[in-house]
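Here's the structure, in structure tokens; my notes come after.
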Amino acid sequence: MTKYMANAASGMAVDDDCKLKFLELKAKRTYRFIVFKIEEKQKQVVVEKLGEPSDSYENFTASLPADECRYAVYDFDFVTDENCQKSKIIFIAWSPDTSKVRSKMIYASSKDRFKRELDGIQVELQATDPTEMGLDVMRSRTN
């Protein structure tokens with residue numbers, strides 16, 4: 001098995017660890033969230049941070065740099081109007097206004113290809129500041 005899949009669109013590879021950790025989050029709920037980073041020199045997407053199942057939403061938002069782009073997945077637990085406990089995996093494209101233009105372009109051009117590697121994403125959010133991915137926003141997108 002090859003370690004990296006080349007991304008034709010942007011030339012970014014996806015480290016196998018990204019897929020493995022995502023599968024653990026999806027199947028075993030081993031993590032609350034995963035933050036992914038593009039390593040420009042290696043031209044690949046890698047896992048930057050893993051959130052413990054007990055980590056809060058605040059731990060998650062604190063893991064996203066204020067002035068750099070990232071991809072993230074968040075395992076969002078919620079209760080439906082019918083009082084059922086549910087969870088959805090939310091993909092977040094984090095692209096703060098203060099990040100470098102080049103970085104925004106690389107993350108934007110690699111996003112769809114990277115997202116396809118993560119089978120099981122149910123909701124996607126684009127966020128340029130924390131209010132665009134608040135718990136209320138997540139809740140409204142899971143209905």
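The values are calculated or read from the model by the stated rules, or taken from the named source; none is laboratory data. Just so it is clear, the model here is predicted, and its values are computed rather than measured. All Cβ positions, glycine included, derive from the backbone under ideal geometry; neighbour counts span all protein chains shown. Surface areas here come from the heavy atoms of the whole protein model, side chains and all, with no ligands, DNA or RNA. Shrake-Rupley method; radii C 1.70, N 1.55, O 1.52, S 1.80 Å.
For segment 123-141, indicate whether the set of residues that are among the β-branched types (Val, Ile, Thr) and under 12 Å from the mean Cα position of the chain (by Cα) is non-empty. Scanning segment 123-141 turns up at least one residue that is among the β-branched types (Val, Ile, Thr) and under 12 Å from the mean Cα position of the chain (by Cα). Being of a type in the set (Gly, Ala, Ser) and within 17 Å of Val35 (Cα to Cα) is a condition met by no residue of segment 76-88. Would you point out the residue of segment 102-123, among those that are touching a strand residue (DSSP E or B) at 6+ places or on another chain (Cβ under 9 Å) and exposed (fewer than 14 other Cβ atoms within 10 Å of the Cβ), that is farthest from Ala27 (Cα to Cα)? Among those residues, the one meeting the criterion is Gln122. Scanning segment 74-87 for any residue that is open to solvent by less than 70 Å² (accessible area, probe 1.4 Å), small (Gly, Ala, Ser) and over 19 Å from Lys19 (Cα atoms) turns up at least one such residue. Report yes if Thr2 is modelled with pLDDT under 95 and among the β-branched types (Val, Ile, Thr), otherwise no. Yes: the conditions hold for Thr2.
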